[in-house]
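Scroll down for the structure; my scribbles are underneath it.
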Amino acid sequence: MSKETLKGQATDEQIKAWKEKHGKVYFIKVEGSIGYLKKPSRKALSYASVAGQKDPLKFNEVLLNDCWLSGDEDIKTDDTKFLSVSQKLSELVEIVDAELGEL
């Protein structure tokens, strides 16, 4: 990550603490703001999927709120910033290869 100063920027110590607690920590930058995210929980993905059936934006809102660690709150409240980061949230859902076989 570059050394530019962004609204909502966390300290190196805080990032280290998050990594110890959550494993992977992600950042999302938009228009001079930064937010820090963790992977979504299964419970949040389930709720987001159900909520998203009636309101597609609700899926992103639930996911962002569940994953949010810290950062500039404008990312969650400013419509332009929220819609911009919404396009990237699905990348937090990590899918790995699985194998199914018959014995």
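Pick out the one residue from 13, 102, 61 that is among the charged types (D, E, K, R), within 11 Å of the chain's Cα centre (by Cα) and at pLDDT 90 or above. Step through it out loud before you land on a result.
Details: 13 fails: within 11 Å of the chain's Cα centre (by Cα); 102 fails: within 11 Å of the chain's Cα centre (by Cα).
So the residue among 13, 102, 61 that is among the charged types (D, E, K, R), within 11 Å of the chain's Cα centre (by Cα) and at pLDDT 90 or above is 61.
Of all the numbered requirements in (1) among the hydrophobic types (A, V, I, L, M, F, W, C); (2) in contact with a Leu (Cβ under 6 Å, 6 or more places away or on another chain); (3) modelled with pLDDT under 95, residue 18 misses one, and that requirement is (3).
Residues checked against (1) touching a Gly at 6+ places or on another chain (Cβ under 7 Å); (2) surrounded by 17 or more Cβ atoms within 10 Å (Cβ to Cβ); (3) among the acidic types (Asp, Glu); (4) closer than 17 Å to residue 93 by Cβ:
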{"position": "4", "(1), (2), (3), (4)": "no, no, yes, no"}
{"position": "17", "(1), (2), (3), (4)": "no, no, no, no"}
{"position": "41", "(1), (2), (3), (4)": "no, no, no, yes"}
{"position": "46", "(1), (2), (3), (4)": "no, no, no, yes"}
{"position": "82", "(1), (2), (3), (4)": "no, yes, no, no"}
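Take residue 28 and decide whether it is at pLDDT 90 or above, touching a Lys or Arg at 6+ places or on another chain (Cβ under 8 Å), assigned to a helix (DSSP H, G or I) and buried (at least 19 other Cβ atoms within 10 Å of the Cβ). Considered against the rule, which asks whether it is at pLDDT 90 or above, touching a Lys or Arg at 6+ places or on another chain (Cβ under 8 Å), assigned to a helix (DSSP H, G or I) and buried (at least 19 other Cβ atoms within 10 Å of the Cβ), residue 28 comes out as no.
Given the condition under 22 Å from residue 10 (Cα atoms) and either among the hydroxyl-bearing types (Ser, Thr, Tyr) or within 9 Å of the chain's Cα centre (by Cα) (or both), answer yes or no: does some residue in segment 43-56 qualify?
If we filter segment 43-56 for residues that are under 22 Å from residue 10 (Cα atoms), which is where we start, we get none.
Checked segment 43-56: no residue is under 22 Å from residue 10 (Cα atoms) and either among the hydroxyl-bearing types (Ser, Thr, Tyr) or within 9 Å of the chain's Cα centre (by Cα) (or both).
Selection of segment 43-53 for residues being among the hydrophobic types (A, V, I, L, M, F, W, C) and in contact (Cβ under 8 Å) with a residue 12 or more places away in the chain yields 44, 45, 48.
Residues of segment 1-42 being in contact (Cβ under 8 Å) with a residue 12 or more places away in the chain and of a type in the set (Lys, Arg), which ones? Spell out the reasoning first.
Pass one, segment 1-42, residues in contact (Cβ under 8 Å) with a residue 12 or more places away in the chain: 1, 6-10, 14-15, 18, 22-41.
Of everything in segment 1-42, those that are in contact (Cβ under 8 Å) with a residue 12 or more places away in the chain and of a type in the set (Lys, Arg) turn out to be 7, 24, 29, 38, 39.
Checking each residue in segment 53-66 for being within 18 Å of residue 79 (Cβ to Cβ), surrounded by 17 or more Cβ atoms within 10 Å (Cβ to Cβ) and not aliphatic (A, V, I, L, M) picks out 59, 60, 61.
The values are calculated or read from the model by the stated rules, or taken from the named source; none is laboratory data. Predicted model, so just to flag it, every value in this text is computed and none were measured. Virtual Cβ from ideal backbone geometry, glycine too; neighbours counted across all protein chains shown.
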